[in-house]
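First comes the structure, then the notes that go with it.
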Amino acid sequence: MDQSNEFSDSDPFASPSPPPTPPPPASTSQPENASEILALPPLAVYPSREALFEAIQSWAKLRSYAFVTGKSKKVPSGLQKVYYACDRNPLARPAKKDQLRDTQTRGTACLFSILAVESSLGWVIKYRPEPKFNMHNHSPSQSPAAHPSHRQLSTQAQNTARQLYLAGVQPRNALTILRQIAPEIPLIPQDLYNYNASLYRDIRQGQSPTEALLQHLESSSIKHAILKDPTNQRLKGLFIALPESITYLQSHHDVLIIDNTYKTNRFELPLMDVIG
């Protein structure tokens, strides 16, 4: 399929501008007519780019597809135009022979897209003139959860997820809580794992997990000892004695409980727990 004109700068604004009337109210019910599945959103004028995207995304969610933001540029008048494309637009690329990771893509090179143009009336939805931009090349999705853009956490949900992560709540329990406060978001477990990973990266501030751990031990004045490989200075062993553990040992130094695990963790290294 030819994608050379997918986001062409010379794409004419073929569909007429809708009158400056309020946008249609957002529908919360599934389309009754099968022809509305995968259909174009209605022509309308919105007060802001954010309001337009929220409206077309809500429309698409009920019709088994999703939008992503494509190319944008300023027109000679200084105003902006933005292309919104089907989220299955990316072209599926064959895997490389020496590729180690087993990666997949949802892309089908779908050319379905619309144009949003900034005007004195607000943000105007326009249809692209060629038929290839007005139809999908794939079947409707079975669930909104199939689209990552429909699973984006709202600001409230992000704040709640952060509080739960910092409180040490298990992901499965946090997922149940988030589904209760934001039932409209079709979250899957991987979404929460990804969000927690991003929070962890922010906390590390660009450091590796080992560097962040050692810095935490130093700043917290936790007794510890490091064993490094003299040839390359890589970490070979780490001994940590928490203040609570030292207190237990001083009170019960005549009995020690030692538990050792062998290569059952992600680092393939033994882990020894000693309790006094």
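Throughout, read-outs are computed from the coordinates displayed, never taken from laboratory work. Predicted, not measured: the structure shown is a model, and the values here were computed from it. A quick note on method: Cβ atoms are made from the backbone with ideal geometry, for glycine too, and the neighbour counts reach across all protein chains shown.
When you count the other C-beta atoms within 10 angstrom of each residue and take the mean per peptide, 194-205, 155-166 line up highest first as 155-166, 194-205.
Its alpha carbons give region 113-172 an Rg and a Dmax of 19.0, 53 Å. Note on LEU199 and LEU256: the extension gain reaches 16.8 nm, defined as 0.36 nm multiplied by sequence separation minus the Cα-Cα distance.
Mean separation of Cα pairs under 8 Å and 6 or more residues apart, divided by the residue count, gives region 155-204 a relative contact order of 38 percent.
Rounded to the nearest Hz, the phi-derived 3J(HN,Hα) couplings of region 68-77 under the Karplus curve 6.51 cos²θ - 1.76 cosθ + 1.60 (θ = phi - 60°) are 10, 6, x, 6, 9, 7, 8, 7, x, 6, where x marks glycine and proline. Here the Karplus relation 6.51 cos²θ - 1.76 cosθ + 1.60, evaluated at θ = phi - 60°, turns the backbone of region 168-174 into coupling constants of x, 5, 4, x, 5, 6, 5 Hz, with x for every Gly and Pro.
What shape does region 154-276 take by its C-alpha gyration tensor, where a ≥ b ≥ c are the square roots of the eigenvalues and a/c under 1.5 counts as rounded, a/b above b/c as prolate, and the rest as oblate?
Prolate.
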